[in-house]
1. Scan the range 60-76 residue by residue and report those that are touching a residue at least 24 places away in the same chain (Cβ under 8 Å), among the small types (Gly, Ala, Ser) and surrounded by fewer than 13 Cβ atoms within 10 Å (Cβ to Cβ).
2. Hey, can you tell me all the residues within the range 20-65 that are under 12 Å from Met1 (Cα atoms), among the charged types (D, E, K, R) and under 13 Å from the mean Cα position of the chain (by Cα)?
3. How many residues are free of Cβ contacts under 8 Å to residues at least 40 places away in the same chain and part of a loop (DSSP other than H, G, I, E, B) if we restrict to the range 1-37?
4. For the range 48-59, which residues satisfy the criterion of being under 15 Å from Asn9 (Cα atoms) and surrounded by 13 or more Cβ atoms within 10 Å (Cβ to Cβ)?
5. Considering only residues that are assigned to a helix (DSSP H, G or I) and among the aliphatic types (A, V, I, L, M), look in the range 38-76 and name the one that is modelled with the lowest pLDDT.
6. Only residues in the range 39-52 that are in contact (Cβ under 8 Å) with a residue 12 or more places away in the chain and more than 14 Å from Asp20 (Cβ to Cβ) count as the first member; pair them with residues that are among the hydroxyl-bearing types (Ser, Thr, Tyr) and surrounded by fewer than 16 Cβ atoms within 10 Å (Cβ to Cβ), Cβ under 7 angstrom, at least 6 apart or cross-chain, and list the lot.
Amino acid sequence: MKTVKISLNSIDKVKAFVNDVTKFDTDFDLVSGRYVIDAKSIMGIFSLDLSKPIDLSIHSENADKILEVLAPYIVQ
């Protein structure tokens, strides 16, 4: 499992992010405070506080390839 911080501060970024993660056959979780939601759920994402970075947990052995696709959303 790999965890990175991402920023989804606009509606367009959320839609593009969900489209990108649904291409992969693996599980993704978004963690914001005490809330953990499925990153493939657009409604779940909109229930989070999107004004600050969110932790993305990738449950995959091959996270490097996934991180390349998700690079536009990752913050340091």
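1. Matches in the range 60-76: none.
2. Here is the first cut: in the range 20-65, the residues under 12 Å from Met1 (Cα atoms) are 26-29, 56-64.
From what's left, among the charged types (D, E, K, R): 27, 29, 61, 64.
Asp27, Asp29 - these are the residues of the range 20-65 that are under 12 Å from Met1 (Cα atoms), among the charged types (D, E, K, R) and under 13 Å from the mean Cα position of the chain (by Cα).
3. 5
4. Within the range 48-59, the subset under 15 Å from Asn9 (Cα atoms) is 48-56.
Hits for the range 48-59 are Leu48, Leu50, Pro53, Ile54, Asp55, Leu56.
5. Quick first cut of the range 38-76, residues assigned to a helix (DSSP H, G or I) only: 42-46, 63-69, 71-73.
Adding the requirement that they be among the aliphatic types (A, V, I, L, M) leaves 42-43, 45, 63, 66-67, 69, 71.
Values: Ile42: 96, Met43: 96, Ile45: 96, Ala63: 89, Ile66: 94, Leu67: 94, Val69: 94, Ala71: 96.
Checking each candidate, the answer is Ala63.
6. From the range 39-52, the pairs are Leu48/Tyr35.
The values are calculated or read from the model by the stated rules, or taken from the named source; none is laboratory data. The structure displayed is predicted, hence computed values, not measured ones. All Cβ positions, even for glycine, are placed from backbone atoms using ideal geometry, and neighbour counts span all protein chains on display.
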